[in-house]
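Here's the structure we're looking at; comments come further down.
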Amino acid sequence: FDKILTLCTGNICRSPLAEALLRQRLADRGRAVTVASTGTGALVGHPADADTQAVALARGIDLSTHRARQLTPEITRWADIILVMEKHHLEYATRLDPSARGKIFLLGHWDKAEVPDPYRLAEENHQLAYDIIAHTVEQWIGKL
């Protein structure tokens, strides 16, 4: 896979984290892969959530340049694989572009786990989302 898309709701918490972690981990393995993120109800143009940025920065990941984008059929067609945070994101993307059905998976596919949305919740929720995303990204790394 050369073009990976991560997808959440607002594209300001979970999918930017997953995008950055995938990009970093694949680069560490010498893989030249394009990773992007979008949302099903994106806060278009907004930066990553401040709490998410703080959790990421504490681990050496800078999300300061991220700006939220809305998922479109053109983006689903661009991606070789789409990794989503929750089942309803999978359903949304499939409704938006039925041809994408076979390339959409939960980020937590291997554990059958969803990543809960930390938006507007306490910092520990952002921490939990980071931990789940970091774990599930590691599971994907060897398979991508």
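May I ask you to list the residues in the stretch 89-123 that are of a type in the set (Asp, Glu) and modelled with pLDDT of 95 or more?
Filtering the stretch 89-123 for residues of a type in the set (Asp, Glu) gives 91, 97, 111, 114, 117, 123.
Answer for the stretch 89-123, where residues must be of a type in the set (Asp, Glu) and modelled with pLDDT of 95 or more: Glu91, Asp97, Glu114, Asp117.
Provide a single number: the residues in the stretch 1-57 that are under 15 Å from the mean Cα position of the chain (by Cα) and small (Gly, Ala, Ser). First the steps, then the outcome.
Of the stretch 1-57, the ones under 15 Å from the mean Cα position of the chain (by Cα) are 3-26, 33-43, 47-49, 52-53, 56.
Cutting the leftovers down to small (Gly, Ala, Ser) gives us 10, 15, 18, 20, 36-37, 39, 41-42, 48, 56.
Final tally of qualifying residues: 11.
Working only within the stretch 122-144, note down all residues that are open to solvent by 60 Å² or more (accessible area, probe 1.4 Å) and among the hydroxyl-bearing types (Ser, Thr, Tyr).
Within the stretch 122-144, no residue meets the criteria.
Can you work out which of the residues in the stretch 90-121 that are more than 17 Å from Leu17 (Cα to Cα) and part of a loop (DSSP other than H, G, I, E, B) is most open to solvent (accessible area, probe 1.4 Å)?
Across the stretch 90-121, the extreme among qualifying residues is Lys112.
For residues that are touching a residue at least 40 places away in the same chain (Cβ under 8 Å) and on the phi > 0 side of the Ramachandran plot, tally how many sit in the stretch 2-46.
Residues in the stretch 2-46 being touching a residue at least 40 places away in the same chain (Cβ under 8 Å) and on the phi > 0 side of the Ramachandran plot: 1 in total.
The values are calculated or read from the model by the stated rules, or taken from the named source; none is laboratory data. Just so it is clear, the structure is predicted and the values come from calculations on it, not from any experiment. Methodologically, a virtual Cβ is constructed for each residue, glycine included, from the backbone with ideal geometry; neighbour enumeration extends over all protein chains shown. Heads up: the accessible areas ignore ligands, DNA and RNA and are worked out on the full protein's heavy atoms, side chains in. Shrake-Rupley method; radii C 1.70, N 1.55, O 1.52, S 1.80 Å.
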